[in-house]
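Trainee: Take this structure, written in structure tokens, and hold onto it; I'll ask about it next.
The values are calculated or read from the model by the stated rules, or taken from the named source; none is laboratory data. None of these values were measured; they are calculated from a predicted model. Cβ placement follows ideal geometry from the backbone for every residue including glycine, while neighbour counts extend to all protein chains displayed. Just so you know, the surface numbers come from the protein's heavy atoms only, side chains and all, with ligands and any DNA or RNA stripped out. Shrake-Rupley method; radii C 1.70, N 1.55, O 1.52, S 1.80 Å.
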Amino acid sequence: MSTRGVGEQPRRGRPRSEKAQKAILAAAIELLLEQGLHAMSMDDVAERAGVSKATIYRWWPSKEMLAVDALATEWAPPLPTAERDTGTLRGDLVARFRPWLRQLNQKPFGRVIAGLVAEAQTDPEFAQLYREHFVQPRRDATRPLLLRAIDRGEIAADTDLEVTLDLLYGPIYHRLLHGHAPLNDRFAQQVIDTVIAAISSGGLDHRRKRTPTDQRPGALP
């Protein structure tokens with residue numbers, strides 16, 4: 001597999017056509033939702049996008065890489081400047097997660113995520129790119145909301161932000177993948193309220209208990 005990053009501009013050759021790129025990404029997400037990653041082929045994408053396979057391979061070395069880019073585009077997190085400060089962590093998180101959950105309910109995204117996760121389990125190189133180009137950007141977009149809550153004094157400065165992000169996203173992906181219960185506004189608010197209660201100054205102990213083998217740089221005694 002090529003080591004070029006997802007959606008990375010090629011260094012040589014003709015300039016990337018924005019129109020062709022959009023057509024390919026749109027065709028890819030449609031086919032992923034209809035068929036899933038395993039059944040989708042580059043031939044199908046080329047036919048639906050109205051481009052040649054050579055055009056697709058010039059920018060994406062595999063259908064898996066194309067799938068990551070297509071879903072990342074579909075789920076593009078809002079720019080920080082596009083988000084308003086609601087004044088509370090709860091308000092900020094509800095404003096962030098509610099539109100996403102509504103989007104998840106409109107189309108069968110669970111099959112797309114399942115295919116990508118399965119591929120990541122068997123291809124270490126793909127797994128790294130999947131995390132860098134899909135998982136991490138969503139976490140990076142939400143982390144500033146937690147930092148803002150720390151500045152307000154809503155949560156403690158030593159709150160473990162990475163665990164908090166896991167607690168926020170984990171339940172949503174769990175229901176998305178297993179489909180055992182609905183993904184709706186009520187559920188989103190329940191998750192948010194539960195997490196805030198756990199990490200807030202008046203809630204559960206937010207600090208991770210250290211063990212004798214804890215060697216984190218800069219860890220407090």
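Trainee: What's the ranking of 175-188, 43-56 by average number of surrounding C-beta atoms within 10 Å, highest first?
Mentor: 43-56, 175-188
Trainee: Need the full-extension length gain, His38 to Asp151, defined as separation in residues times 0.36 nm minus the C-alpha distance. One decimal, nm.
Mentor: 36.2 nm
Trainee: To the nearest 10 Å², what's Tyr173's accessible area with a 1.4 Å probe?
Mentor: Tyr173 exposes around 50 Å² with every protein chain in place.
Trainee: Something else now. Would you pull out the residues with amide H under 5 Å of Ile155's amide H, same chain only if 5 or more places away, H placed 1.01 Å from N?
Mentor: Those qualifying (amide H under 5 Å, at least 5 residues apart or on another chain) are Ile150.
Trainee: Classify the range 125-167 as rounded, prolate or oblate, taking a ≥ b ≥ c as the square roots of the eigenvalues of its Cα gyration tensor: rounded when a/c is under 1.5, otherwise prolate if a/b is larger than b/c and oblate if not.
Mentor: It is prolate, given that a/c is not under 1.5 and a/b is the larger ratio.
Trainee: Once amide H atoms are built 1.01 Å from N in the peptide plane, which residues 5 or more positions from Thr86, or in another chain, come under 5 Å H to H?
Mentor: Distant-sequence amide H within range of Thr86: Asp92.
Trainee: In square nanometres, what is one fourth of the surface area of the convex hull spanned by the alpha carbons of the range 135-200?
Mentor: 4.6
Trainee: Let's test the formula: R0 of 22 Å, r as the Cβ-Cβ distance of Lys107 and Glu162. What FRET efficiency results, to the nearest 0.05?
Mentor: The formula returns an efficiency of 0.15 here.
Trainee: Carbon and sulfur: what percent of the range 32-116's accessible surface (1.4 Å probe)?
Mentor: Carbon with sulfur: 51 percent of the solvent-accessible area.
Trainee: Starting from the Cα-Cα distance between Asp185 and Arg98, subtract it from 0.36 nm times their residue separation and give me the gain in nm to one decimal.
Mentor: 30.7 nm
Trainee: Please report, to one decimal in angstroms, the Kirkwood hydrodynamic radius of the range 9-158 built from all distinct Cα-Cα pairs.
Mentor: 17.2
Trainee: Each residue of the range 38-54 in turn: what ³J(HN,Hα) in whole Hz from Karplus with 6.51, -1.76, 1.60 and θ = phi - 60°, glycine and Pro shown as x?
Mentor: 4, 7, 5, 10, 5, 4, 5, 4, 4, 5, 6, 7, x, 10, 8, 4, 4
Trainee: Still on this structure: Would you rank Lys19, Lys107 by solvent-accessible area, highest first, keeping every protein chain in place and using a 1.4 Å probe?
Mentor: Ranking Lys19, Lys107 by accessible area, largest first, yields Lys19, Lys107.
Trainee: May I ask for the Rg/Rh ratio of the range 84-130, computed from Cα atoms with Rh as the Kirkwood radius, given to two decimals?
Mentor: Using only Cα positions, Rg/Rh for the range 84-130 is 1.20.
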